[in-house]
Amino acid sequence: MPTYFPKRIEPKWQQYWLENKTFRAVDGDSRPKYYILDMFPYPSGDGLHVGHPEGYTATDILARYRRMKGFNVLHPMGWDAFGLPAEQYAVETGTHPRITTERNINTFRRQIQSLGFSYDWDREVNTTDPGYVHWTQWIFLNLYNTWYDEAADRGRPIDELPIPGDVTKAGERAIADYRNEHRLAYIAHAPVNWCAALGTVLANEEVINGVSERGGHPVTRLPMRQWMLRITTYAERLINDLVPLDWPEAIKEMQRNWIGRSEGAEVDFLLAEADGAEQWFADRGKSGFPKQAEEMVVRVYTTRPDTLFGATYMVLAPEHPLVDRITTAEQKEAVATYREEAAAKSDLDRTDLAKDKTGVFTGAYAINPVDKRKIPVWIADYVLMGYGTGAIMAVPAHDERDHEFATAFGLEIIPVVEPPKDAKVKEGVCFAGEGTAINSGLIDGLPTKKAKSRISDWLGEQGVGRKAVNYKLRDWLFSRQRYWGEPFPVLLDDEGNHYPVESDDLPVPLPELEDFKPTGTPEPPLSKAKDWLTVERDGKNYRRETNTMPQWAGSCWYYLRYIDPTNSGAGWDKEKENYWMPVDLYVGGAEHAVLHLLYARFWHKVLFDLGYVHTPEPFQQLVNQGMILGEMEFVGYRSPEGWVSLERTDGKGFLKGAKTALEAVSLSNDQVKKEGSDFVLAEDPTIKVDARSYKMSKSRGNVINPDHVVDEYGADALRLYEMFMGPLEATKPWSMKGVEGVWRFLNRVWRVIVDDRSEEMALLPAVVDAEPSRDELRVLHQTIRGVGDDIDAMRFNTAISKLMEFVNFLNPLEKRPKALLEPLVLMLSPFAPHMAEELWEALGHEETLAYVPWPAFDEKLCQEDEIEVVLQINNKVRSRMKAAADADDAALIAAAREDEKIVEMTSGKQVIKELVVASRKGKLVNFVVKD
RNA sequence: GCCGAAGUGGCGGAAUGGCAGACGCGCUGGAUUCAAAAUCCAGUUCAGGCAACUGAGUGUGGGUUCGAGUCCCACCUUCGGCACCA
């Protein structure tokens, strides 16, 4: 019986760990803490795919390793269970999302537990639990009750917001409105991304190229009443606080790009038809640059104030509020038509397809403040209302978009920047780089950087401009018109004023609805919950907010709930937070590089400002696991006339330059061969074929289900293979043969210790209590050192190969001392915990090995007595010799000179140099020789 | 277009500037077996040679160095992200 049989040992140990709560994290323990977090999954109906266990295995190895190293490890798991897919599925099948969600969670939990991860299951969280929703709503109320104090550079309670005197005089309503304008959670009536197919609005981040990120449905702009979160106030800190984090540079860069900070200037252009221009300029010189521009002034933002002299026209966004006021009678109709068209355009139309610039002249002119020239004011949809001031000064000589526009409409182009001599300026394209100012009055001859600061100073003195910083990041659109999400803890009165729900009344439950389908209009499904909708408070009737929160809400703070998952009096206990936070290591997919990580950091900073958490950042170290692709596939293309070589296709299954669809034929290994750097048909080497791995997808039919792998090879083999495939961060293709390879390795480990011909679980007679030899000890200690270093650096693939080498070393030994085997089992245990526990038990131990100290190594025992020295002539290996490990360089060179081959090859030649180099593998002597 | 990552055998991948290809897969040969599977042993970058060995070789072209997969410059390809953000 005791051949290696995962189906017997894996459930046995999984049950043991659960029953004994082996992996319980102890709050406030005296051991050093280590908080290691996985991005919790959205429990979809498809169940786990092999991408999930990749990150989970990596963190599990570290969690188990750290426990053996004496750490108090917090390693939890939970479910991000609100969200669109469950609800879409519910709508399609009529099953309540609570039911499908519960079912999916049960599947996910079963699958995850079948892989033997060492989670503390007492801390499992579910974002849809009322006990969890309670605190998500509580955090929302905290956002609602916070304003951002620019001076102190932090969020503060809304009660502390100073109210200006004139507001106080205007009465209660005015004070409330004033506060509402400053809350981090506020209501806006603005054009939003409405996706009719999903029946909800979407955040900017959820719209890719004008279609929804989920499902790829078209999105249109619609003005609606929405909850927004003032994330932009935290933009600067979200950028700056990235610096000390131990995150991949690429992810930091993506966040910085997303926030998109730019420095420049705001400049005011007085409209030419305004009266008293001279007076205006004089007044501005005295008063300085006002917070808000006057009625007849167009304020622009530019990153290139040095090009002001080249501004030959202005453009307002079609939605710009000034448009109505400035448009002349003759242009009224054209402008109105254009604005209607622009409003009707979806984002897709405005970006991707319509690269040709469009626009209309308003008939108005403005005065360029630097030279008092009159320049025309246009409207065009290439200027976005949501960025900067919604208006630009156009410098067609040095901005590609302005150049295109000016060319299309015959507007003047004045060069004001001389490109540096070595700059490559392409024909027909404008120069947008830095150079030297020309045709620019007071800044002539200055390099761009100096010109910028000089002109900004001048603008400041004149009161017509000032330095300014802008961000691409917009405030976060936080409401959705869907059923399956957290209700807002907010009440509305008949006038549309909003009031927070008392914290004693939390959570606001999600009402049970028979009909939770979207209404087909922007009216959310919760408006159908008649009993739930109306609330009486102090004799007055209120209506509940019917929007729900987006899926991101729950995942913004789940790492805090793990710390204190059952606390009903608070989201988490302050002392426990102080002990466990921050998360030491956070592992997950790179697809969350921007959205989830940015949102969570934002919430965390607000909580930090309010004193609820003690670190400004939640996640100290971040690692992204790479994507796992399907097995490598060979595909040949065939037309009715026969095979078509790869270079004659367009890469999308069509004949290049023609619309002929080709037949894609899956080819087996032996139907192809490699020729040079290409794969070709074996039967016709002139036909190149496609050889690559594809993303796993249902439609492609290349999805690997972890259940099947566990069923056939066991969880230990799956875990080991996922780690052995290659570096954690890399994208890599799946190979079932590879799984078989590590499974064979596990069998070899088993047979090195266990007598597989015995009926009972028994050790091999070769397993002895004897002292290991010096050589054996050396290999053991080198292995301990190497495996430990590799795990610390998360090089799991090479750690496993070192274990394989060690087993290959043990295999031929006739006597296998336990002193070699026990460390092997311990080192294997983070990777293949079930087998390790089983072997540990077989070796005579009664307790789990989860807390047995990690084997220590002795540097002295790692040393070899005798080493092999490579002898090179002109860097080519020509001979080898043995030498004592401690021989000095002179001795090595002397010995090398004696070497027969070296003597032969250096005779009659001039030896210029003799070098001794210590390398990873040993030592090397190189003779540099000249003829 | 911009930003980022990566290009090494038939495949996944190893290599603090110092013996390229560890480890695994696949393949070839052998042992074991009535036979097969499993297992074990040997070989396996390419070219030439029975062999010892010799030459070439880490996307391409240059450079630094006694020495480059690794560092520098230019380019090509693939993947990921962003894309009218003034």
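The values are calculated or read from the model by the stated rules, or taken from the named source; none is laboratory data. This one's a predicted model, so the numbers in the text were calculated from it and none came from an experiment. Every residue, glycine among them, receives a Cβ derived from its backbone with ideal geometry; neighbour counts consider all protein chains shown. Note: areas computed on protein heavy atoms with side chains; ligands, DNA, RNA excluded. Shrake-Rupley method; radii C 1.70, N 1.55, O 1.52, S 1.80 Å.
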Handout entry: Efficiency of FRET between A:K695 and A:D149 - r from beta-carbon atoms, R0 51 angstrom, step 0.05
Key = 0.65
Problem - Dipole magnitude of chain A, debye to nearest 20 (Cβ charges: Lys/Arg +1, Asp/Glu -1, about Cα centre) - result: 1440
Fill in the blank from the handout: Row for the range A:250-370, column shape: gyration tensor on C-alpha, a ≥ b ≥ c, rounded if a/c < 1.5 i.e. under 1.5, prolate if a/b over b/c, else oblate; value oblate
Problem - Degrees separating the helix A:774-792 axis from the principal Cα axis of chain A, which is the longest one - result: 10
Fill in the blank from the handout: Ordering A:D46, A:D889 by the accessible surface of their heavy atoms, 1.4 Å probe, largest first, yields A:D46, A:D889
Practice task
Please report, in debye to the nearest 20, how large the charge dipole of the range A:262-470 is about its Cα centre when each Lys and Arg carries +1 at its beta carbon and each Asp and Glu carries -1 there.
Solution key: 600
Fill in the blank from the handout: Diffusion coefficient in µm²/s returned for the range A:864-930 by Stokes-Einstein, Kirkwood Rh over C-alpha pairs, 25 °C and 0.890 mPa s, is 208
Exercise for the section: Order A:D931, A:D769, A:D707, most accessible first, counting only protein heavy atoms with a 1.4 angstrom probe. Expected result: A:D931, A:D769, A:D707
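When every alpha-carbon pair in the range A:262-470 is counted, what percent end up more than 30 Å apart? Walk me through the numbers before you get to the answer.
Values: 4365 of 21736 pairs.
Every Cα pair in the range A:262-470 considered, those over 30 Å come to 20 percent.
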Problem - Farthest toward positive dipole pole in chain A [+1 Lys/Arg, -1 Asp/Glu at C-beta], among A:H189, A:A682, A:I61 - result: A:A682
Problem - Residue-by-residue Karplus 3J(HN,Hα) for the range A:537-547, coefficients 6.51, -1.76, 1.60, Hz, glycine and proline x - result: 9, 6, x, 10, 8, 10, 10, 6, 4, 9, 5
Exercise for the section: With an 8 Å cut-off on Cα pairs and a minimum separation of 6 or more residues, tell me the relative contact order of the range A:633-692 in percent. Expected result: 40
Completion exercise
The correct pair for the range A:633-692, radius of gyration to one decimal and Dmax as a whole number, both in Å and from Cα atoms, is 10.7, 31
Completion exercise
What helix-only [θ] at 222 nm does chain A give? Using -39500 (n - 2.57) per DSSP H run of at least 4, over all residues, to the nearest 500, the answer is -10000 deg cm²/dmol
Exercise for the section: Evaluate E = 1/(1 + (r/R0)^6) for A:D324 and A:E172, where r is the Cβ-Cβ distance and R0 equals 35 Å; express this FRET efficiency to the nearest 0.05. Expected result: 0.55
Exercise for the section: Express in Å², to the nearest 10, the accessible area of A:W734 obtained by rolling a 1.4 Å probe over the protein heavy atoms while all chains stay in place. Expected result: 0
Problem - Relative contact order (%) - chain A, alpha-carbon pairs under 8 angstrom, separation at least six - result: 14
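About its Cα centre, what dipole magnitude does the range A:726-851 give when the only charges are +1 on Lys and Arg Cβ and -1 on Asp and Glu Cβ, stated in debye to the nearest 20?
Here the size comes out at about 640 debye.
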Problem - Other-chain or far-sequence residues with amide H under 5 Å of A:A762's (modelled H) - result: A:D755
Handout entry: Net lengthening on full extension, A:E760/A:E502 (0.36 nm per residue, minus Cα-Cα)
Key = 86.4 nm
Handout entry: Distance from the range A:74-141 to the range A:582-635 (C-alpha centre basis), Å
Key = 19
Exercise for the section: Provide Rg over Rh for the range A:264-313; use the alpha carbon set for both Rg and the Kirkwood Rh (inverse mean inverse pair distance). Expected result: 0.96
Practice task
Quick one: plug the Kirkwood hydrodynamic radius of chain A (C-alpha pairs) into Stokes-Einstein at 25 °C, 0.890 mPa s, and report D in µm²/s.
Solution key: 74
Exercise for the section: On the full set of protein chains, 1.4 Å probe, figure out the accessible area of A:T136 and give it in Å² to the nearest 10. Expected result: 0
Practice task
Give the angle, between 0 and 90 degrees and rounded to the nearest 10, that separates the Cα long axis of helix A:277-287 from the longest principal axis of the Cα atoms of chain A.
Solution key: 50
Practice task
Give the long-range amide H neighbours of A:Y35: residues separated by 5 or more places, or on another chain, with amide H under 5 Å away, using H modelled in the peptide plane at 1.01 Å from N.
Solution key: A:L74, A:D584, A:L585
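Set the Förster radius R0 to 25 Å, insert the Cβ-Cβ distance between A:V26 and A:D858 as r into 1/(1 + (r/R0)^6), and round the FRET efficiency to 0.05.
With R0 = 25 Å, the Cβ-Cβ based efficiency is 0.20.
With a cap of 11 neighbouring Cβ atoms within 10 Å, and only residues DSSP puts in a loop, list the trypsin sites (Lys or Arg not before Pro) found in the range A:409-502. Walk me through the numbers on the way to the answer.
Values: sites: A:K421, A:K424, A:K426, A:K449, A:K450, A:K452, A:R454, A:R466, A:K467, A:K472, A:R474, A:R480, A:R482; in loops: A:K421, A:K424, A:K426, A:K472, A:R474, A:R482.
Of the trypsin sites (Lys or Arg not before Pro), the ones in loops of the range A:409-502 whose Cβ has at most 11 other Cβ atoms within 10 Å are A:K421, A:K424, A:K426.
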Fill in the blank from the handout: Binned at 10 Å starting from 0, the alpha-carbon pair-distance distribution of the range A:726-851 in whole percents comes out as 12, 42, 35, 10, 1
Practice task
Go through the range A:15-29 residue by residue and turn each phi into a ³J(HN,Hα) via Karplus (6.51, -1.76, 1.60, θ = phi - 60°); whole Hz please, and just put x for glycine and proline.
Solution key: 5, 4, 4, 5, 5, 8, 6, 4, 9, 5, 8, 9, 4, x, 4
Problem - Contour minus Cα-Cα distance for A:E181 and A:E729 (0.36 nm per residue) - result: 192.9 nm
Completion exercise
Expected vector for the range A:701-716, Karplus 3J(HN,Hα) from phi with 6.51, -1.76, 1.60 and θ = phi - 60°, integer Hz, x for Gly and Pro, equals x, 10, 7, 9, 8, x, 4, 5, 5, 4, 4, 8, 10, x, 5, 4
Completion exercise
For A:V929, other-chain or 5+-apart residues with amide H closer than 5 Å (H placed, Pro excluded) are A:N874, A:I912
Problem - Using alpha-carbon coordinates, inclination of helix A:400-409 to the longest axis of chain A, degrees - result: 40
Handout entry: Mean Cα-pair separation over length for the range A:855-931, i.e. relative contact order, pairs under 8 Å, 6 or more apart, %
Key = 33
Handout entry: Heavy atoms of A:S907 accessible to a 1.4 Å probe, total area in Å² rounded to 10
Key = 80
Handout entry: Ratio of the Cα radius of gyration of the range A:740-806 to 2.2 N^0.38 Å, where N counts its residues
Key = 1.32
